[in-house]
Structure formats: structure tokens, C-alpha cells
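Undergrad: First the structure, then my questions, so here it is.
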Amino acid sequence: MKKILIINGHPNAESFNFGIAESYKNGALASNAQVETIVINDLKFNPNLQFGYQKRTELEPDLLEAWQKIQNAEHLVWIHPVWWGGLPAITKGFIDRLFLPGMAFQYRENSVWWDKLLKGKTAHIITTLDQPSWYYRLFFGRPSVNQLKKSTLEFCGIKPVKVSYIGIIKGSEESQRKKWLEKVYNFGLQNK
């Protein structure tokens, strides 16, 4: 039984991202996977890494619980919209506060290298766009993917990291949205 954690990074509970998260969850449950969820916006925490890495800010209880879920999971599913080319602020703050030295990675003494403390996990980023995915990749260089996939997840040892784009969301019709939800359901069913 695969242990899957769905991390929803959209701050609006009425967004299509919540439908995507529910479809993935339903597919994963149909495959008999063990599924946990984190809705970042429901957590009570300060998203600001107030002292940078100079001084540790104590983790709030919600972040401690979220970290436990991340540690227990084999597969992380990140669902978020792309805003201004990047992650929503609350999602970025969640990463800043949790993916810390000594927890997610560890710099080696007197070295530019680091140890990846989250090895053995895989991930899938499902991101929504209001532009064609080819345009986002070609003209903008897919900054949210580079940030989350390469600079965070792979940096900490999580791989492979699959990426799926859903969109163009703005102005999409119900029939198209149903197709996207079926696609995501199948990702869950296959534990991808």
C-alpha cells in the first residue's frame, strides 16, 4: 500500500485546484493507497522565514504535523496554481518554513555540497495555468517548476518528480474541466 500525501497550495477553497486534489485523492483511494492531505491555507503558521537561516524560528504545531506527514509519505503530490510565474505566497512560505537545514537537507562542514535528507520519496507537481503550457515553458522558462522541482524537491533528494500542467483554466468549459478531473483521477489510480 503506497503512502501518498496530497499538498494543496491554493488559498481559495472554491478553486478548481480543490477539485483536482479531490479527484487525485479519489483515484488513489480506489487503488487502496493510504492518502493524507495538507491544505496549506488551513494551517496556522507564520509563512515568513523571519530570521533567514541565522536563527531557527520554532515550528508551530500545524507545521510539525505537516512535517510528520511529509516524512511518512512515499509520494508527494503538490497541487497549486501558477501566479506571476511562481507559487502562491502561502505555498512558498510553507516551503521556506519547513524545508530547512537539518530537516530536508544538510550542508556539509567546510564544503559547498550537501546531504539530501528526503531521498527515497517521489513527487508529482500538478499545476494550473491561465496560458498554454508550451508558452509557459518556452517563453517564461517555467519558473514555478524550476523552483519547486529542481530547487526544492530534487535539492532535498526527492526524485523522480513528474510535472503535469492543467489549463488554460480561465474561460474553460465544464466538459473540459471534467476531462482534466478524469485525467487527474487516473494519476491517483496509478499512484503517479
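The values are calculated or read from the model by the stated rules, or taken from the named source; none is laboratory data. Just so it is clear, the structure is predicted and the values come from calculations on it, not from any experiment. Using ideal geometry, Cβ is built from the backbone for each residue, glycine included, and neighbour counts are taken over all protein chains shown. Just the protein is used for accessible areas: all its heavy atoms, side chains included, with ligands, DNA and RNA removed. Shrake-Rupley method; radii C 1.70, N 1.55, O 1.52, S 1.80 Å.
Undergrad: Round to the nearest 10 and give me the degree value, 0 to 90, for the angle of helix 16-30's Cα axis relative to the longest principal axis of the chain.
TA: 90
Undergrad: Let me check I've understood the local charge: for Ser172, count other residues with C-beta under 15 angstrom from its C-beta, Lys and Arg +1, Asp and Glu -1. What total comes out? Could you put the intermediate results ahead of the total?
TA: Details: positive: Lys170, Arg177, Lys178, Lys179, Lys183; negative: Asp130, Glu173, Glu174, Glu182.
Residues close to Ser172 contribute a combined charge of +1.
Undergrad: Next question. Could you please report the charge total around Gly86, scoring K, R as +1 and D, E as -1 over all other residues with beta-carbon less than 15 angstrom from its beta-carbon?
TA: Charge balance in the 15 Å sphere: +3.
Undergrad: Tell me whether the range 59-99 comes out rounded, prolate or oblate; compute the Cα gyration tensor, take square roots of the eigenvalues as a ≥ b ≥ c, and use a/c under 1.5 as the rounded threshold. All intermediate terms of the calculation are to be shown ahead of the outcome.
TA: Numbers: a/c = 3.13, a/b = 1.51, b/c = 2.08.
Oblate is the answer for the range 59-99, as a/c is 1.5 or above yet b/c matches or exceeds a/b.
Undergrad: Okay, next question. When the accessible area of the range 94-192 is computed with all protein chains present and a 1.4 Å probe, what percentage of it is carbon and sulfur? Please report the intermediate quantities before stating the final value.
TA: Numbers: 2790 of 5470 Å².
Looking at the range 94-192 in its full context, I get 51 percent from C and S.
Undergrad: Same structure, new question: Counting Lys and Arg as +1 and Asp and Glu as -1, each charge on the Cβ, what is the dipole of the chain about the Cα centre in debye, to the nearest 20? If you can, show how the numbers build up before the last one.
TA: Details: 25 positive and 17 negative charges, 133 e Å.
Here the size comes out at about 640 debye.
Undergrad: Counting only heavy atoms of the protein chains, get the accessible area per residue of the range 16-163 (1.4 Å probe) and round it to a whole Å² value.
TA: Working: 7640 Å² over 148 residues.
Here the residues of the range 16-163 average 52 Å² of exposed surface.
Undergrad: Which Cα, out of Pro101, Trp67, Thr122, lies furthest along the positive dipole direction of the range 10-127 (beta carbon charges, K/R +1, D/E -1)?
TA: Working it through, the farthest residue towards the positive pole turns out to be Pro101.
Undergrad: With springs only between Cα atoms under 10 Å, which of Trp67, Trp84, Trp113 fluctuates most in a Gaussian network model of the chain?
TA: Trp113
Undergrad: Right, next: Just from its helices, what would the mean residue ellipticity at 222 nm be for the chain, if runs of 4 or more DSSP H residues each count -39500 (n - 2.57) and the sum is divided by every residue, rounded to the nearest 500 deg cm²/dmol?
TA: Details: 5 runs with 61 residues, N = 192.
Using -39500 (n - 2.57) per qualifying helix, the result is -10000 deg cm²/dmol.
Undergrad: For the cross-link pairs Lys119/Lys170; Lys121/Lys170; Lys55/Lys159, which exceed 31 Å when the distance is taken from alpha carbon to alpha carbon? Kindly include the intermediate steps, with their values, before the conclusion.
TA: On the way: Lys119/Lys170 37 Å; Lys121/Lys170 33 Å; Lys55/Lys159 29 Å.
Over 31 Å apart, Cα to Cα: Lys119/Lys170; Lys121/Lys170.
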